[in-house]
Structure formats: C-alpha cells, structure tokens
Amino acid sequence: MDDGGGALDRRPVRRVAAVSLVAALALVALKLATALATGSVSMLSETAHSGLDAMVTAMTLYAVGVAARPPDADHPYGHGKAENVAAMAEAVALLLLSVTIGREALLRLIHPGPPIKTAWYAFAVMAASMVLDSVRYRALSRTGRRYNSPALLADAVNFKADLLTSAAVLGGLAAVKLGLKAADAIGGLVVATYVCVQALLIGRRSIDALMDRAPEGAVGRIRRAAGAIPGVEEVRRVRLRYAGGQPQTVVVVGVSRTVPLERAHLLTEAVEEAIRTVEPGADVIVHVEPLADEKVVAEQVLSVAARHPSVHQVHNVFVARRPDGLHISLHAKFPGGMSLAEAHAIAEGLESDIAHEVADVARVDTHLEPLEGPATPGADVTRQRSELVASVTSMAEGHDEVRNCHEVVVTDTDDGLSVVMHCEAEAGLSVATVHDASTRIEDEVHRRWPEVERVTVHFEPS
C-alpha cells in the first residue's frame with residue numbers, strides 16, 4: 001500500500017517483527033529447559049543463540065518503528081538508517097556469540113564433561129525449533145524483500161542460520177546417542193562457524209548501507225531509465241543512497257536551453273516515474289540544467305573573437321561536450337610576419353575570454369593560421385596552359401560525383417598557378433559528399449601538377 005508520498009506502508013514490517021519476537025521468547029524458554037535437563041553444550045549454545053535472537057528481534061522491532069517515522073527538521077532524509085544500525089548491531093552480537101560458542105565447544109572437546117542425556121524430548125524440541133525457524137525465515141525474508149527492510153532481512157538470515165544450526169545440534173545429539181561422545185562439541189563448533197560467517201556477511205552489508213554504497217548496477221539502471229525519456233539530451237550525474245531500504249536518488253539531466261519551463265517541468269516528472277520503475281518506492285529529485293547548444297556556443301565564440309582586433313577570420317569552431325565540460329577548438333588567422341610568441345600570447349588572451357564568457361568550458365584550443373596578404377597581380381594563362389586545362393578536366397570528370405567539368409580558368413601569379421574549375425553534380429547529393437569530392441580532386445591536381453599553388457573546385461547542380 002502506498003501512503004501517498006511514494007513510500008510503502010510499513011506497518012506489516014512491524015507486525016512481522018512483533019510476531020517474530022514472541023516466537024523467539026517461546027523458543028528461548030523451551031530450549032533452556034531442555035539444555036538444563038540434558039546437559040548438552042550444543043543445546044546450551046542454541047539456547048544462548050535463541051536468547052540473543054530475542055534481544056536482536058526486540059531491537060529490530062524498535063528500529064523498524066523508528067525508521068517508519070516521517071522526515072522532520074532534524075532528519076530531513078527520514079529515519080530509515082535506523083534499520084541499518086539495527087542490522088549492524090545484530091552482526092556484532094552474532095559475532096560475539098560465535099566466539100563464545102566456539103570457545104565452549106573447544107573446552108568440551110579438550111575436557112569432556114559428564115555424559116549428555118539424549119532424552120526423546122530433546123529431539124522433539126529441536127525438531128519443533130526447526131519448524132518454527134523455517135516459518136519465521138520465510139515470513140521475514142518475504143516481508144523484508146517486499147518492503148526492502150534491512151533489519152528484517154538480517155533477521156531472516158539469522159533465522160536461516162538457526163534452522164541450519166538446529167539441524168547440526170539434532171545431528172550431534174543423534175550421534176551421541178549412537179556412542180560418538182565428541183559429536184555434541186563438534187556440533188557446537190559447526191554452530192559457531194556458521195554464525196560467525198553470517199555475522200560477517202550481515203556486517204558487510206550494513207557497513208555498505210551506512211557508507212551509502214550503491215548496489216552494483218543500480219546507478220546504471222537509473223542512468224539508462226532517465227536517458228530514455230524523450231527530450232533528455234544528457235544524464236550528467238546520478239547519486240544514489242539507501243536509508244532503511246528506501247532508495248534516495250538525485251539525478252541531473254541536461255536539456256536544450258530552448259525548452260520552455262513548463263516542458264522542462266514535465267520532463268522532470270517523466271524522469272521521476274521512469275526511475276521508480278527500476279527503483280520502486282524511490283525518493284527522486286531531478287535537477288534540470290540547460291545544455292550549451294553547439295550553435296549557440298559557436299556564436300558566442302565568434303562574438304568574443306570579434307572584439308579582439310589582432311585576431312582575424314575565426315572559423316572552424318568546434319564544440320564537444322565531455323564529462324568535465326565543453327571542449328572548444330577554433331581556427332584563427334594572424335599576420336604571416338607576426339612572431340609565434342606574439343601570436344600565441346594573443347591566442348591565450350582570446351581563449352581566456354572565451355572560457356570566462358561561455359558557461360561550463362573546460363578547455364579552449366586555437367589553431368594558428370597565417371593571414372593571406374593582399375591579392376597579388378596575375379595573368380590569365382588559360383589558353384597557354386591548354387594541357388593543364390585538359391588534364392584537370394579529365395581528373396575531375398573521373399570522379400563519380402562529377403557529371404561535367406567546365407569553365408576552367410588558370411591564372412599565373414607571383415605565388416604560382418591558380419586553377420578554378422566549375423563541376424556539375426546531381427542536385428540530391430549532400431554538401432558533405434561534394435566537399436569530399438572537391439578535396440580529392442584538389443589533392444590529385446597538386447600531385448600531378450606541383451606548380452599549381454591553389455585549386456578551387458566550385459560545385460553546382462546539374
């Protein structure tokens with residue numbers, strides 16, 4: 001049942017803990033009477049174990065009651081950690097019990113005491129204890145998993161240990177009846193070993209919860225659920241912790257800065273619902289941050305560069321988002337005669353201004369290029385270089401994208417030959433495709449005719 005705040009009604013958790021406490025007290029009384037009557041060390045260790053179970057179950061009952069309290073001024077995240085503290089206390093108590101039982105069993109092996117009575121009622125008590133522990137284990141584990149209660153799950157593990165160790169005690173009593181006197185003490189060592197292992201496992205899980213360690217794969221599930229919502233461009237951060245079994249997560253998502261406020265709010269609600277499908281009952285906070293769109297950032301970079309009189313013709317602005325922020329690269333032209341030191345200092349100033357004015361910038365890199373000088377005089381030598389015209393025309397028309405090459409003009413300048421050619425291509429081809437074709441044609445002309453300094457390929461639809 002939902003209480004209206006996204007959390008499950010935890011009254012069944014308290015009821016199961018209360019019933020478990022009553023059963024634990026009954027078992028303590030029954031086992032203690034049997035242990036005193038038989039003199040069995042393994043039965044006595046089981047009685048001590050059950051007594052500790054009763055104490056821990058009482059603490060569990062109190063802890064789940066505290067954990068169910070709503071958040072207040074002193075505990076804004078709620079009281080759920082009380083269950084984790086109870087589970088940790090249970091682990092410590094079980095560890096101490098395992099040491100006590102192990103010590104008593106070793107002493108009994110070294111110095112055997114009086115004969116153990118293997119009366120029929122000892123077997124009956126252990127069999128009844130196993131039945132009761134089996135019922136308690138199933139009830140606690142089922143309720144603990146349903147309500148994600150660390151305290152109940154720790155109790156369930158404890159009673160599973162009770163079930164198995166009761167079987168060990170029963171086997172030890174049977175072996176003693178058959179004449180194996182050391183079997184009872186060996187049974188006590190089995191009990192001690194198993195309890196110790198379970199205490200360490202419960203303690204490790206409790207420490208993980210108290211240290212806010214997220215379960216393996218949980219953060220990835222939340223990230224994928226949030227990223228699958230249309231309109232969420234990026235999942236930047238995911239934080240997850242558990243308090244008394246309830247997931248508490250903070251998710252930061254990036255959306256386009258052009259998204260209206262109302263639409264952004266609807267996105268946060270959709271993200272919250274998506275996260276609760278993978279983490280039921282989660283307390284979710286979604287924070288929306290505007291993405292620095294590449295086009296907007298490029299315009300900001302050009303605006304900053306325009307205020308630098310020593311920087312000319314800024315182009316090829318590239319923006320990439322990485323986990324640490326925006327990485328911006330750009331090409332800028334400087335006078336060809338300017339020294340590298342002077343150009344580098346100007347570029348550093350430009351990069352600093354960009355990082356200051358553009359949000360979330362992690363790095364800016366500038367590629368230095370020489371600024372072309374004034375146009376040099378040249379002569380039209382197209383007729384005189386007919387072999388060059390024929391060669392470049394053939395080269396161009398040898399490419400699949402080119403349907404016709406015409407208007408080839410060759411100019412002779414002080415810097416070398418310049419070739420301009422017009423090529424026709426299908427109107428449906430993309431700009432990227434014809435640009436790649438232009439680059440291949442230019443490279444081929446330069447290889448075949450080294451004296452050609454500049455090649456310009458102008459594409460137009462056929």
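The number of residues in segment 309-318 that are over 16 Å from Pro370 (Cβ atoms) and at pLDDT 85 or above comes to 2.
Whether any residue in segment 136-145 is among the aliphatic types (A, V, I, L, M), in a helix (DSSP H, G or I) and at pLDDT 70 or above is what I want to check. Before the answer, list the steps.
Just the residues of segment 136-145 that are among the aliphatic types (A, V, I, L, M), to begin with: 139-140.
Next, only the ones that are in a helix (DSSP H, G or I) stay: 139-140.
With the extra rule that they be at pLDDT 70 or above, the set shrinks to 139-140.
Yes, that holds for at least one residue.
Scanning segment 336-382 for residues that are farther than 20 Å from Val304 by Cβ and in a strand (DSSP E or B), we see that the one that is modelled with the lowest pLDDT is Gly378. Listed by first and then second residue, the pairs with beta-carbon distance under 9 Å, at least 6 apart or on different chains, first residue in segment 88-103 and of a type in the set (Lys, Arg), second buried (at least 19 other Cβ atoms within 10 Å of the Cβ), are Arg103/Ala192.
Here's the yes/no breakdown for (1) over 15 Å from Leu291 (Cβ atoms); (2) under 20 Å from the mean Cα position of the chain (by Cα):
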{"residue": "Glu216", "(1), (2)": "yes, yes"}
{"residue": "Gly227", "(1), (2)": "no, yes"}
{"residue": "Arg241", "(1), (2)": "yes, yes"}
{"residue": "Val252", "(1), (2)": "no, yes"}
{"residue": "Thr258", "(1), (2)": "no, no"}
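Yes/no matrix, rows are residues, columns are (1) in contact with a helix residue (DSSP H, G or I) (Cβ under 6 Å, 6 or more places away or on another chain); (2) at pLDDT 70 or above; (3) among the polar types (S, T, N, Q):
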| position | (1), (2), (3) |
| --- | --- |
| Ser45 | yes, no, yes |
| Gly51 | yes, yes, no |
| Thr57 | yes, yes, yes |
| Val66 | yes, yes, no |
| Arg69 | no, yes, no |
| Ala73 | no, yes, no |
| Pro76 | no, no, no |
| Glu83 | yes, yes, no |
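May I ask you to say which residue of Leu291, Leu261, Leu240 is surrounded by fewer than 14 Cβ atoms within 10 Å (Cβ to Cβ) and hydrophobic (A, V, I, L, M, F, W, C)?
Among Leu291, Leu261, Leu240, only Leu261 is surrounded by fewer than 14 Cβ atoms within 10 Å (Cβ to Cβ) and hydrophobic (A, V, I, L, M, F, W, C).
From the list Val434, Val419, the one residue that fits, being in a helix (DSSP H, G or I) and touching a residue at least 24 places away in the same chain (Cβ under 8 Å), is Val434.
Among residues of segment 266-292 that are in contact (Cβ under 8 Å) with a residue 12 or more places away in the chain and closer than 21 Å to Val255 by Cα, those with a beta-carbon under 6 Å from a residue that is assigned to a helix (DSSP H, G or I) and among the charged types (D, E, K, R) at least six positions away or on a different chain give the pairs Val284/Glu272; Val286/Glu272. The set of residues in segment 443-454 that are under 12 Å from Ala396 (Cα atoms) and in contact with a strand residue (DSSP E or B) (Cβ under 6 Å, 6 or more places away or on another chain) contains only Val445. Hydrophobic (A, V, I, L, M, F, W, C), surrounded by 16 or more Cβ atoms within 10 Å (Cβ to Cβ), touching a residue at least 40 places away in the same chain (Cβ under 8 Å) and under 30 Å from Val358 (Cα atoms): does that describe Ala226? The answer is yes for Ala226. For segment 341-368, the set of residues classified as within 16 Å of Phe318 (Cα to Cα), acidic (Asp, Glu) and touching a residue at least 40 places away in the same chain (Cβ under 8 Å) consists of Asp360 only. Among Val255, Val271, Val259, which is the only one that is part of a strand (DSSP E or B) and hydrophobic (A, V, I, L, M, F, W, C)? Among Val255, Val271, Val259, only Val255 is part of a strand (DSSP E or B) and hydrophobic (A, V, I, L, M, F, W, C). The condition (being among the aliphatic types (A, V, I, L, M), in the same structural domain as Glu351 (by TED's automatic domain parsing) and in contact with a helix residue (DSSP H, G or I) (Cβ under 7 Å, 6 or more places away or on another chain)) is satisfied by just one residue among Leu330, Leu302: Leu330. Val457 meets each of the listed conditions (1) free of Cβ contacts under 8 Å to residues at least 60 places away in the same chain; (2) surrounded by 16 or more Cβ atoms within 10 Å (Cβ to Cβ); (3) outside any loop (DSSP other than H, G, I, E, B) apart from (1). Between Val278, Val286, which is at pLDDT 90 or above, surrounded by 14 or more Cβ atoms within 10 Å (Cβ to Cβ) and over 18 Å from Gly325 (Cβ atoms)? Every option except Val286 fails the conditions.
All of Arg15, Arg10 fail the test of being modelled with pLDDT under 70 and basic (Lys, Arg), apart from Arg10.
The values are calculated or read from the model by the stated rules, or taken from the named source; none is laboratory data. Worth saying up front: this structure is predicted, and the values here are computed from it rather than measured. When we count neighbours, we look across all protein chains shown, and the Cβ atoms used for this are built from the backbone with ideal geometry, even at glycine.
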